[in-house]
Amino acid sequence: RILPSINLAYNISDRLLIRGAYGKTLNRPEFREISPTYFYDFLFNSINVGNNELRTASVDNFDLRCEFYPRPGENITIGTFYKKFIDPIEMYFIPGVGSGGTRSITWGNAAQAVNYGIELEIRKKLDSLNVPVIKNLGIVANGAWIRSVIDLDSANVGNSNQQRPMMGQSPWIINAGLFYQND
């Protein structure tokens with residue numbers, strides 16, 4: 001498959017940049033998702049079986065970011081993103097299978113899904129505080145608010161809701177770190 005990408009940037013000043021990007025990516029099924037063998041999931045008390053008819057999902061990724069660089073080694077970035085999935089892979093309940101509270105789960109391709117949100121990243125050196133103990137330290141933090149909606153095939157969901165958030169997609173993510181740099 002051809003997976004095109006493009007990244008365009010425009011410098012508003014020597015410290016402020018606007019960046020737009022597009023890239024096409026794939027999400028190939030994992031072995032457990034396509035293997036026709038059964039395995040027990042102790043965490044969810046379910047019997048899972050793969051689906052060898054799964055298709056590889058394709059994703060169109062769009063990004064727009066504003067990047068500010070207060071000084072070398074520091075940045076503040078705010079951005080927005082949008083992802084469109086074709087044939088996303090999702091877990092489905094298999095009705096009428098299992099006993100004693102055990103359920104059966106398989107994977108299938110949904111029709112499509114979208115994932116969009118905003119993100120913020122900050123990288124700051126601590127040397128400007130003039131405290132000798134922390135002069136080689138810096139902090140980095142980022143966070144994202146994410147919304148996802150998947151359109152499920154009515155044959156796979158029965159009477160349940162045809163739209164819901166994507167399986168495993170958190171509505172927000174926060175990361176922080178402390179780093180040391182001494183050339």
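The values are calculated or read from the model by the stated rules, or taken from the named source; none is laboratory data. Everything numeric in this text was worked out from a predicted model, so none of it was measured. In this analysis, Cβ positions are derived from the backbone assuming ideal geometry, glycine residues included, and neighbour counts consider all displayed protein chains. Just so you know, the surface numbers come from the protein's heavy atoms only, side chains and all, with ligands and any DNA or RNA stripped out. Shrake-Rupley method; radii C 1.70, N 1.55, O 1.52, S 1.80 Å.
Some observations on this one:
- Note on residue 102: accessible area is roughly 30 Å² with a 1.4 Å probe, heavy atoms of protein only.
- Across the stretch 1-77, the convex hull enclosing all Cα atoms gives 155 Å³ per residue.
- Modelled this way, with points 7 Å down the Cα-to-C-beta line, the labels at residue 80 and residue 16 are 1.8 nm from one another.
- For residue 178, solvent-accessible area (1.4 Å; no DNA, RNA or ligand), Å²: 120 Å²
- Per-residue surface analysis assigns residue 124 an accessible area of about 70 Å², computed on protein heavy atoms at 1.4 Å probe radius.
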